[in-house]
Amino acid sequence: MSLIDKLTNSEEFPEDYKTLDDGIDALLPYIWKFSEGLQDYDYYVNRRWKEVRGSIEFHESILHVFKDSGEYLRIIEGNIETGAWEIDINGFILQYKGGYELYELSFLNENFFMLRKHGDHVNKGMRAKYLFFTTETIANKYEWPKILALIFNSIYKQNSNYLFILVIFIAIVAFIAFLSL
């Protein structure tokens, strides 16, 4: 990639990952610095989050709601199952069906919520590494490869372009100040 491409941020996010986990692993280095924190409750509490899974054949509608009371609702095709959630030990703890799972925040904003399950469970034959949510509108419109490209384009490229403009502005001001000496 040329210097001009890097400065103008013209790169595209590839959509040829074999798994959703691989795609998220590739995406996170670009976007993590633009994430909100778990203490920013307004971004995820009392909202309907639709789960995104790594199988394009997966079409079941699973909604997740984290109530401000600590109640957790998992809604599968309209059938509600309950549990609890809390933030503790620098993580996001979900209690569901009699078990507890510890997740760590990977990314959060008003449209996307990614949690990484603690540990190396994927190599041990367990389920996916990430619990990935988005709004119902986005999840109903796109499959996961397009959602990852959308995140890259709407978060990384947009914010990086603002940083590029800021750097150019500072360089111009510094140049003018240098000439006025």
I62 - would you say it is β-branched (V, I, T), more than 13 Å from the chain's Cα centre (by Cα) and over 30 Å from D16 (Cα atoms)?
no
Tally the residues that are in contact with a helix residue (DSSP H, G or I) (Cβ under 8 Å, 6 or more places away or on another chain) and under 25 Å from I151 (Cα atoms), restricting the search to region 56-108.
5
Yes/no for K6 being in a helix (DSSP H, G or I), farther than 17 Å from R116 by Cα and modelled with pLDDT under 95:
yes
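Residue-by-condition table, conditions (1) among the aliphatic types (A, V, I, L, M); (2) at pLDDT 95 or above:
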{"site": "N79", "(1), (2)": "no, yes"}
{"site": "L108", "(1), (2)": "yes, yes"}
{"site": "H121", "(1), (2)": "no, no"}
{"site": "T134", "(1), (2)": "no, yes"}
Residues located in region 93-116, provided they are outside any strand (DSSP E or B) and touching a Ser or Thr at 6+ places or on another chain (Cβ under 9 Å)
N109, E110, N111
Do the conditions hold for E60, that is, is it at pLDDT 95 or above and among the charged types (D, E, K, R)?
no
Here are some residues: S55, S69. Which one is of a type in the set (G, A, S), out of contact with any Gly (no Cβ under 6 Å at 6 or more places or on another chain), within 30 Å of D16 (Cβ to Cβ) and part of a loop (DSSP other than H, G, I, E, B)?
S55
Restrict the check to region 160-170 and report whether at least one residue is among the aliphatic types (A, V, I, L, M), at pLDDT below 95, closer than 21 Å to W49 by Cβ and in a helix (DSSP H, G or I).
no
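The values are calculated or read from the model by the stated rules, or taken from the named source; none is laboratory data. Please read these numbers as outputs of a predicted model, since none were measured by experiment. Don't worry about glycine lacking a Cβ; one is built from the backbone with ideal geometry, like all the others, and counts go over all protein chains shown.
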